[in-house]
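Starting off with a structure, shown below.
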């Protein structure tokens, strides 16, 4: 018998971090470690929450302003002295997108 939980997509942050680390080019891995990836993922979640994009009871797709989110991450990382370049943030976000696609959360648009 299929339960409601069977239909829910499971986003595992530990798996996402591992996936993103493997996604990054070798030269980038010298600058970006799991702590920086976890930081960006936390800030993304914070952005979603502050913009009302998280509704755990809904399966509807949310429309995300990627440029606004990128600028938000840049601002937060600068304030928190995380030493992330624009390229670092872009690569982490692309890795997160690829992870999401691999588990069925995101669709190609």
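Quick one: which residue in 11, 72 is surrounded by 10 or more Cβ atoms within 10 Å (Cβ to Cβ) and either at pLDDT below 90 or closer than 18 Å to residue 105 by Cβ (or both)?
11
Of all residues in the stretch 90-102 being within 19 Å of residue 53 (Cβ to Cβ) and without any contact (Cβ under 8 Å) to a residue 24 or more places away in the chain, which is surrounded by the fewest Cβ atoms within 10 Å (Cβ to Cβ)?
The qualifying residue surrounded by the fewest Cβ atoms within 10 Å (Cβ to Cβ) is 101.
Another question, if that's okay. Restricting attention to the stretch 77-89, which residues are part of a helix (DSSP H, G or I) and surrounded by fewer than 13 Cβ atoms within 10 Å (Cβ to Cβ)?
Answer for the stretch 77-89, where residues must be part of a helix (DSSP H, G or I) and surrounded by fewer than 13 Cβ atoms within 10 Å (Cβ to Cβ): 78, 79, 86, 87.
Here is a follow-up. Anything in the stretch 90-109 that is in a helix (DSSP H, G or I) and in contact with a helix residue (DSSP H, G or I) (Cβ under 9 Å, 6 or more places away or on another chain)? List them, or say none.
90, 91, 92, 93, 94, 95, 96, 98, 99, 100, 102
Quick one: is residue 105 under 25 Å from residue 52 (Cβ atoms) and at pLDDT below 95?
Yes: the conditions hold for residue 105.
The values are calculated or read from the model by the stated rules, or taken from the named source; none is laboratory data. Note that the structure is predicted; figures quoted are calculated from it, not measured. In this analysis, Cβ positions are derived from the backbone assuming ideal geometry, glycine residues included, and neighbour counts consider all displayed protein chains.
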